[in-house]
Amino acid sequence: MKIRSFFYILHLASALFACVCLAFQLVIISTNVIMRYFFASGISWMEEISSNVLMTAFTFLSMAIGVKLDLHIHVDILPKRSPPWITTSLRKLKYLILTVIGFVLCYYGILLILGIKGSIASIPKLPAFLQFIMIPLAGFLIFFDSLMGLLGIEKGDEDLDRVLMAVGEKK
Amino acid sequence: MIVDSLGITLLLSIFAVLVLLRVPITFCLATSAIVTGIYLNLPLEAIVKVMADGVMNFSLLAIPFFIIMGEIMNEGGIAQKIVNLANLFVGRLPGGLALVNVLDSMFFGGISGSAVADVSSLGSIVIPMMKKQGYDPEFSVGLTICSACQGIIIPPSHNMIIYAFAVGTASQLAGGQLLVVSVGKLFLGGYIPGILMGVMMLIISLVIAIRKKYPRGKGYSFREGLFIFLDGLLALCTALIVVGGVIIGIFTATEAAAFAVLYAFIITFFVYREAPLARFVKILYASLKTLAIVMSLIAAASAYGYLLSRLQVPRLATEWLLSITNNYYLLLLLVNFMLLGLGCIMDMAPLILICTPILFPVLVLKMGMDPIHFGIMLLLNLSIGLCTPPVGSALFVGSAVGKIPIERAAKGCLPFYISMFLTLMLVTYIPAITLTLPNLLMPGR
């Protein structure tokens, strides 16, 4: 039960963090345009932070959300009325592949970060590994969700999507 | 040059087999890249880094912003205002609602740039109205689905940004220098083909409406008309900001998209006031769900593209295609049929990312086709795939919104497939349809 709550909070936090990254990007790019045209000045670190740090953060976090909610596009050319064992086997295969990809992203993402941990990005002067910081977390979430799917264990966090989609809804 | 046949076979066959086994395309690309990377003794950190580097591109930032803009517009009840505006222009003609359906897709597509968003938001308003007035459900749903595909071609469209990104990658993969396609020119290139497709659908709808004696819509007083016009115009200004800003050179595509989001935010939450401000969290989250599909694909396709290049697949594909025919016009026909076929079984974004690195070197670098012309032809081909069975996403959404089976929805699309195919052929073989506006308004850029 505690593990389920932990992953529910982790998923919620990562989704909200990805939303914050998106909103922050929006704010700094719009502000930069306004500053450039009205004050002949700009935010020097805008491009690096938005494309290198924020973009990778929400790309990989959204990849994990996509796995959790089964959003990623697949091609469905098998007949609708395939025997159940075929559909079950294909679902298990999908989860197996996702588990492996999750592991690769998590483990090799950590190795990537450790490999450049001493480097400093040019503008602004921040550690270069920040660009890749969300990859292991996304990999971990993909690994966990896919493993649960592979083992057929209910995670009990299905209402996460419902909760976030209902924010601000008129009663 | 030594060709690593086993490496190429691994890369291509793992991808193809996994796609057939219903594995999501993003992970088919990533898995085949990882397995081939292991075979080529590449460190897997390098593959992960290539995936991340693939999305670290400032011009790609326009994609999330276009998606957020579409979500804001959906939330703010823009669809109804667009329907009213289209009704004002063509509602009084025979089969008025059918014509409204085409015209509102033209307007809405210019704002959201997404065929699926167009079908779901406009379809849920127009299809019930059409059914109520006695239009065939198949015709209503088929028209909604096919007309929505104009949204891909009429700018702004995030698929054009994906194409511009793919061209940069493709030119580097082909061993040449980085080729940058102007997003402004791409936007301009989409107008005439999009409008041409719309006009053809208007003509077909009008003919069907007259034959089946579909009713005319009601008229408006001057006061009502003026109100509807101004109300709808505010929403249409979003597209004007993006396209106008980029063409005039005030903004880059990314900045224009960010600014358009700001504009859409202000008119939705402070002018129209159709949604509470707290809804913006939902908008960001819903955008993130769409981005999960698009951005993950770009990341995985970057790793796949890196290996395609390392194994010299674009060069081999060029040689293979030219061995079939080196006649430019036949090659165009061959590519069109290939893309139409692929569009029937796969979605748009992955196909742009997979096909551009392979076809771009042949048609643009070797045969001298204009990259803007190639881009619009590619997008037009793939947009047709969105409304064809078995996996057309617009077709699925349309049949769900119209509450009829896929087979009946596809039957309703049949007359409009003809207009789409005709537009495709005209765009393919008459480059001026695509290139006149970009060359006129952005010469030399």
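Please treat every number below as a calculation from the coordinates, not as lab data. Values in this document were obtained by computation on a predicted structure and should not be read as measured data. Glycine gets a Cβ as well: all are built from the backbone with ideal geometry, and neighbour counts include every protein chain shown.
A few points about this structure:
- Among B:PRO155, B:PRO415, B:PRO43, the largest mean-square fluctuation in a Gaussian network model of chain B (Cα springs under 10 Å) belongs to B:PRO43.
- Nearest-ten-degree value, helix A:2-39 long axis tilted from longest Cα axis of chain A: 30
- Centre separation in Å (Cα based) which lies between the range B:103-172 and the range B:174-231: 10
- Summed residue charge, Cβ within 14 Å of A:ILE133's Cβ, Lys/Arg positive, Asp/Glu negative: +2
- Peptide A:23-36 has a mean shielding of 5, counted as Cβ atoms of other protein chains within 10 Å of each residue's Cβ.
- Cα centre as origin, Lys/Arg/Asp/Glu Cβ charges: the protein assembly as shown dipole, Debye: 1060
- Distance violations [Cα-Cα > 19 Å] among A:LYS92/B:LYS289; A:LYS68/A:LYS92; B:LYS185/B:LYS366: A:LYS92/B:LYS289; B:LYS185/B:LYS366
- The range B:292-430: relative contact order in percent, alpha carbon pairs under 8 Å with at least 6 residues between: 25
- Residue among A:GLY115, A:GLY66, A:GLY149 with the largest mean-square fluctuation in a Gaussian network model of chain A, springs linking Cα atoms under 10 Å: A:GLY115
- Other protein chain C-beta atoms within 10 Å of residue C-beta, averaged over B:346-353: 1.
- The distance separating the Cα centre of the range B:308-349 from that of the range B:19-81 comes to 22 Å.
- The protein assembly as shown: calculated mean residue ellipticity at 222 nm from DSSP helix runs of at least 4, using -39500 (n - 2.57): -24500 deg cm²/dmol
- Rounded, prolate or oblate (a/c below 1.5 giving rounded, otherwise prolate when a/b exceeds b/c) for the protein assembly as shown by Cα gyration tensor: rounded
- Charge sum, other residues only, whose C-beta stays under 13 Å from B:PRO361's C-beta, Lys/Arg counted +1 and Asp/Glu -1: +1
- Look at the stretch B:48-60: the mean tally of other chain Cβ atoms within 10 Å of its residues' Cβ atoms is 6.
- Ordering of A:98-104, B:393-399 by packing is B:393-399, A:98-104, highest average first (other Cβ atoms within 10 Å, averaged per residue).
- Relative contact order [Cα under 8 Å, 6+ residues apart], the range B:59-441, whole percent: 28
- The value of relative contact order for the range B:27-135, using C-alpha pairs under 8 Å at least six residues apart, is 23 percent.
- Neighbourhood net charge (14 Å Cβ-Cβ; Lys/Arg +1, Asp/Glu -1) for A:THR88: +4
- On Cα atoms only, tilt of A:84-115 relative to the major axis of chain A in degrees: 30
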